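Student: Before I ask anything, here is the structure I am working with.
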């Protein structure tokens with residue numbers, strides 16, 4: 001993991017094709033390490049989340065190459081690695097588990113990030129019909145050990161189609177139903193990454209099960 005962090009730190013200050021091509025072997029070694037860790041997570045998560053199938057870790061790992069067509073920032077490479085473990089891989093619209101490695105900004109997370117309108121409406125309908133169940137997940141002590149606040153922008157008013165006087169209206173305002181917890185560099189390097197990751201992901205499963213049930217029942 002130390003080699004991954006070192007490569008990404010140097011890439012951040014040398015974000016150009018010439019440097020990247022000259023250090024392509026280091027990138028490939030870092031990528032292989034990420035794939036290895038991702039596969040370990042997939043195999044263990046499958047033991048408690050039946051929504052996760054047997055997967056090729058390559059389907060979970062995001063490309064390092066940036067799409068710069070519509071961006072003012074023309075840097076060609078991302079300065080992080082990220083894997084999203086969900087049915088359908090990193091392109092999935094289902095709730096899953098995310099592992100992000102970036103010097104000083106590594107984290108574990110999951111849920112559903114910035115879903116399309118129909119997915120967001122399905123989640124809101126499920127929460128509207130089962131608010132106590134959703135609140136119980138958010139207030140669960142095990143869940144709160146890692147995940148405390150929505151990682152998302154929120155609407156200022158009630159979403160269209162829902163009554164403003166709904167007692168749990170604030171739970172319908174997020175634009176994403178995603179959470180995250182920080183990973184320190186020490187945690188990345190002390191061989192406890194898998195242990196902490198799986199402990200956090202087991203707690204996150206409570207949320208993901210609710211969200212994926214919402215997609216199955218309301219879409």
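The values are calculated or read from the model by the stated rules, or taken from the named source; none is laboratory data. Quick caveat, the model's predicted, so the values are computed rather than measured. Virtual Cβ from ideal backbone geometry, glycine too; neighbours counted across all protein chains shown.
Student: Would you say residue 87 is over 24 Å from residue 14 (Cβ atoms) and modelled with pLDDT of 95 or more?
Tutor: yes
Student: Taking the conditions exactly as written (farther than 15 Å from residue 113 by Cα and either surrounded by 15 or more Cβ atoms within 10 Å (Cβ to Cβ) or in contact with a strand residue (DSSP E or B) (Cβ under 8 Å, 6 or more places away or on another chain) (or both)), does residue 179 satisfy them or not?
Tutor: Judged against the criteria, residue 179 is not a match.
Student: Within region 129-138, does at least one residue satisfy the condition of being crowded, with 19+ Cβ neighbours inside 10 Å and under 24 Å from residue 5 (Cα atoms)?
Tutor: no
Student: Please enumerate the residues belonging to region 41-63 that are surrounded by 15 or more Cβ atoms within 10 Å (Cβ to Cβ) and over 16 Å from the mean Cα position of the chain (by Cα).
Tutor: Hits for region 41-63 are 44, 46, 55.
Student: Check whether at least one residue in region 17-34 is closer than 30 Å to residue 214 by Cα and under 19 Å from the mean Cα position of the chain (by Cα), and report yes or no.
Tutor: No, every residue in region 17-34 fails to be closer than 30 Å to residue 214 by Cα and under 19 Å from the mean Cα position of the chain (by Cα).
Student: Which number in (1) part of a loop (DSSP other than H, G, I, E, B); (2) surrounded by 12 or more Cβ atoms within 10 Å (Cβ to Cβ) marks the one condition that residue 163 misses?
Tutor: Among (1) part of a loop (DSSP other than H, G, I, E, B); (2) surrounded by 12 or more Cβ atoms within 10 Å (Cβ to Cβ), the lone unmet condition for residue 163 is (2).
Student: Looking at this structure, is residue 110 in contact with a helix residue (DSSP H, G or I) (Cβ under 8 Å, 6 or more places away or on another chain), buried (at least 20 other Cβ atoms within 10 Å of the Cβ) and on the phi > 0 side of the Ramachandran plot?
Tutor: When the stated conditions are applied, residue 110 passes them.
Student: Residues that are free of Cβ contacts under 8 Å to residues at least 60 places away in the same chain, at least 2 per element: which strands (runs of 3 or more DSSP E) completely within region 22-138 meet that?
Tutor: Hits in region 22-138: 81-85.
One line per residue, one yes/no per condition, for (1) in contact with a strand residue (DSSP E or B) (Cβ under 9 Å, 6 or more places away or on another chain); (2) within 18 Å of residue 86 (Cα to Cα); (3) at pLDDT 95 or above:
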site: 126; (1), (2), (3): no, no, yes
site: 132; (1), (2), (3): no, no, yes
site: 149; (1), (2), (3): yes, no, no
site: 159; (1), (2), (3): no, no, yes
site: 162; (1), (2), (3): no, no, yes
site: 175; (1), (2), (3): yes, no, yes
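Student: Going through region 193-207 one residue at a time, which ones are out of contact with any helix residue (DSSP H, G or I) (no Cβ under 9 Å at 6 or more places or on another chain) and either crowded, with 21+ Cβ neighbours inside 10 Å or not in a helix (DSSP H, G or I) (or both)?
Tutor: 200
Student: So which of 151, 216 ends up being without any contact (Cβ under 8 Å) to a residue 12 or more places away in the chain, within 18 Å of residue 92 (Cβ to Cβ) and either under 18 Å from the mean Cα position of the chain (by Cα) or surrounded by fewer than 20 Cβ atoms within 10 Å (Cβ to Cβ) (or both)?
Tutor: 216
Student: Return the residues of region 156-198 that are under 21 Å from the mean Cα position of the chain (by Cα) and within 18 Å of residue 214 (Cβ to Cβ); say none if nothing qualifies.
Tutor: Matches in region 156-198: 171, 172, 173, 174, 175, 176, 177, 178, 179.
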